[in-house]
1. Which of the residues belonging to region B:103-124 are in contact with a Phe, Trp or Tyr (Cβ under 7 Å, 6 or more places away or on another chain), within 12 Å of chain A (Cβ to nearest Cβ) and assigned to a strand (DSSP E or B)?
2. Only one of (1) on the phi > 0 side of the Ramachandran plot; (2) free of Cβ contacts under 8 Å to residues at least 12 places away in the same chain fails for B:Pro46. Which number is that?
3. Determine if region A:104-115 includes at least one residue that is in contact with a helix residue (DSSP H, G or I) (Cβ under 6 Å, 6 or more places away or on another chain) and surrounded by fewer than 22 Cβ atoms within 10 Å (Cβ to Cβ).
4. Can you name the number of the only condition in (1) in a helix (DSSP H, G or I); (2) more than 22 Å from A:Arg372 (Cα to Cα) that A:Asp340 fails?
5. Is there a residue being closer than 30 Å to A:Asp210 by Cβ, outside any loop (DSSP other than H, G, I, E, B) and of a type in the set (Ser, Thr, Tyr) anywhere in region A:110-126?
6. Can you report the number of residues in region B:70-102 which are part of a loop (DSSP other than H, G, I, E, B), under 18 Å from A:Lys304 (Cα atoms) and either out of contact with any His (no Cβ under 8 Å at 6 or more places or on another chain) or hydrophobic (A, V, I, L, M, F, W, C) (or both)?
7. Select from region B:35-60 the residues that are farther than 18 Å from A:Arg122 by Cβ, among the β-branched types (Val, Ile, Thr) and in contact with a strand residue (DSSP E or B) (Cβ under 8 Å, 6 or more places away or on another chain) and list them in ascending order.
8. If B:Met82 satisfies every condition in (1) within 11 Å of chain A (Cβ to nearest Cβ); (2) under 26 Å from B:Ala24 (Cβ atoms) but one, which is the exception?
Amino acid sequence: MSPRRALIAIVAGSVALSAAWAAARDPNLLDLSADELQRIQRHGPWPPPRALDPGNAVAGDAAAIQLGQQLFFDARLSIDGTMSCATCHQPLLAFADARARSRGRQDLDRNAPSLWNAAHERWYGWDGAADSLWAQAIRPILHAHEMDANPQHVRDTIARDPELACRYRKAFGRVPEDDADAVLVDVSKAIGAFVGTLVSGRTPFDAFRDALARGDAKAAARYPLPAQRGLRLFVGRGNCHLCHVGPLFTNGEFGDTGLPFFVRPGVVDPGRQRGIELLQLSEYNLLSRWSDARDDATVAMKTKQVMPQHRNFGEFKVPSLRNVALTAPYAHDGQLATLDDVVRHYSELNLERLHADGEQILKPLHLSDAERADLVAFLRSLSDPKATLWQPSRLPICKPGLARPPEEARSPLGGRERSEPGGQIKP
Amino acid sequence: MALFAALGTGAHAADDCASALNAANALVAEADVSRVLFVARPAVVPVGRHFQIDFVVCNGNALRDDAKVQVDADMPAHRHGMNYRAAVSPLGGGVQRADGLMFHMPGTWRVIFDVMLDGRTLRLTRELEVQ
């Protein structure tokens, strides 16, 4: 181990852990080093503490979550009534759509990411052009190639449906007759509140990781050896854990992985470079008048301090690997069909395709067939078996008399009525 | 005393420098007689989360509250820096705070203090192992 000039962070209990582990030999367990054990521990625990959509005063609010759930599946939000959020984020497909590139009113340029655990992300969209779930929800609603709506259409959709209007009043404490821009933002915050409830369950990896933490060799040995070997590659020679770090298996930032980023001949997707431009131009970012936390320097820190750099061109978000086996195809434009294709890409990486400024993280791994299979086995163990079984909660009938008084609608940290997740997993 | 005289305005008495930061486990970046004493907040810096650095600039043992400082960080082995630009503001008593830093990968990071003092700029660095 290289000498440590100053130890800033360490995973608790690693010394005791490795000692306990050394005493517990099992033929179905790899002989993991203290370093490996420590790195594995950093990918948990799961689930993490609850996260709320930033700048969204109704995040976590029961009435807003119910409104958001209803709107998520309501195609009337689109200008021609043909698509809803769920068109590209289908619960039975782990809130993705299984297409390489999604299809809106016309073919789109990017792959639809899963919405599981979205509340724990920092940036939204492959380019990170949105800094909150609610700001991200506005993009497809207004985008000409997607739902192609406008604020007036959204306001009218809410106001003309008695049940939606009732839910809106319950969530926001006023009738949807205000200015249409405000209604659009409220609708997006309700959708953000709903999406924020989507936290996937535990995985075989989580059981293994926690068994290691307890020093429970018998329980740990239930984790298949190919997955253990793949995990060793992941936290070792593969260097995958440098970007796919933490319980969510992402650092929430962006990288150029040497994938072609031509949208079509002669047209490139600039990725993060354009994403930062759009973020800073957005009238809905966390520094905008629509944010419920614009005066909170901590909440808006990322938006204020993000730094455009030359290397951002061609960078795309490092995706979470939770539920990755359920969300093929892969990469920002779905150009990799299978997990084996993903692993093969890193194994045979073409360094000439990397556009980073001399960045020296990615190198061809030159994996054998067996090693590739092990890495895929590990990646498959990161999925919650129930992540395609989510079904919406049956919403209670909205009674207009229970509308929230306006002064209670927007507390600084979210609605006063906290809620459990809006939907449920059907076993 | 000769040292203090040479430091010009902004210099405080000798012990002020270390005591101003009021931190038992301050880290040090130094070059020649200049030092930056600093602490991270939180002390255990998580990968992929924003954090702050509180620091003081010292010349010899004297606190220099007139120093203008830019704070940055990079990973020399990876040849990349941070994705965020730190904002420095005074906290009072010669202590300054760098806000908005983020180490987005585990590994060896180098914290960089560009200190502008007495008409010249001095770069002080300190490597940190982040896990």
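The numbers here are math on the coordinates, done by the rules we state, and not lab data. All of these numbers come straight from a predicted model, not from anything done at the bench. Neighbour counts run over all protein chains shown; Cβ positions are idealised from the backbone, glycine included.
1. B:Trp109
2. Going through the list (1) on the phi > 0 side of the Ramachandran plot; (2) free of Cβ contacts under 8 Å to residues at least 12 places away in the same chain, B:Pro46 breaks only (1).
3. no
4. Of the numbered conditions (1) in a helix (DSSP H, G or I); (2) more than 22 Å from A:Arg372 (Cα to Cα), the odd one out for A:Asp340 is (2).
5. Scanning region A:110-126 turns up at least one residue that is closer than 30 Å to A:Asp210 by Cβ, outside any loop (DSSP other than H, G, I, E, B) and of a type in the set (Ser, Thr, Tyr).
6. Of the residues in region B:70-102, 3 are part of a loop (DSSP other than H, G, I, E, B), under 18 Å from A:Lys304 (Cα atoms) and either out of contact with any His (no Cβ under 8 Å at 6 or more places or on another chain) or hydrophobic (A, V, I, L, M, F, W, C) (or both).
7. Scanning region B:35-60 gives B:Val36, B:Val39, B:Ile53, B:Val56, B:Val57.
8. If we test B:Met82 against (1) within 11 Å of chain A (Cβ to nearest Cβ); (2) under 26 Å from B:Ala24 (Cβ atoms), just (2) comes out false.
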